[in-house]
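Nothing in this text is a laboratory measurement; each read-out follows from the coordinates by a stated rule. Because the structure is a prediction, the values reported are computed rather than measured. Methodologically, a virtual Cβ is constructed for each residue, glycine included, from the backbone with ideal geometry; neighbour enumeration extends over all protein chains shown.
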């Protein structure tokens, strides 16, 4: 998984506000690999961090799913045989056909599953599994 970090104006303003000593101290701070930091964590802290990471990974908008799968909009567009702008629009939509969402997920190597969550449990909805590309009207 790869995360992109954006340099914002707020960060730039904060950096510019540092005096020479603070700036020197910030530059001196050494970054360390996560595995090195993780090795120093207590088992409870590691479990908490892993739980939080799993929570974050289990609830994402489509654009973050694509980023997590390390796919560009252009590559996904080629697989779906649409243009990159259409992928961008799809990622911002809050309402779409189930077949469109299924195609999007499958193009990233996944499988769409629809569940209804009730207080007493979850039920997997199966009627959408074999959707036809050209729906019949009965």
Under the 0.36 nm per residue contour assumption, what length would be gained going from the current alpha-carbon distance of residue 56 and residue 111 to full extension? 17.9 nm
In the Gaussian network model of the chain, springs joining C-alpha atoms below 10 Å, which of 103, 88, 58 carries the largest mean-square fluctuation? 58
Once the Cα atoms of helix 98-107 and of the chain are each reduced to a long axis, what angle between those two axes, in degrees from 0 to 90 to the nearest 10, is obtained? 50
Name the residue, out of 92, 24, 46, whose mean-square fluctuation peaks in a Gaussian network model built on the chain with Cα pairs under 10 Å. 24
What's log10 of I(q)/I(0) for region 40-110 at q = 0.11, 0.25, 0.28 Å⁻¹, Debye sum over Cα points only, no solvent? -0.36, -1.13, -1.34
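Given 0.36 nm per residue, what is the gain on full extension from residue 81 to residue 10 after removing their alpha carbon distance, in nm?
21.7 nm
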Match the structure shown to one of the listed values (i) 35.4, 124; (ii) 17.8, 65; (iii) 21.7, 75 of Rg and Dmax of the Cα atoms in Å, computed from it, and give that label. (iii)
Sorted from fewest to most neighbouring beta carbons within 10 Å, what does the list 125, 105 look like? 125, 105
Spin-label point model (7 Å from Cα, Cβ direction): what's the residue 94 to residue 39 distance in nm? 4.7
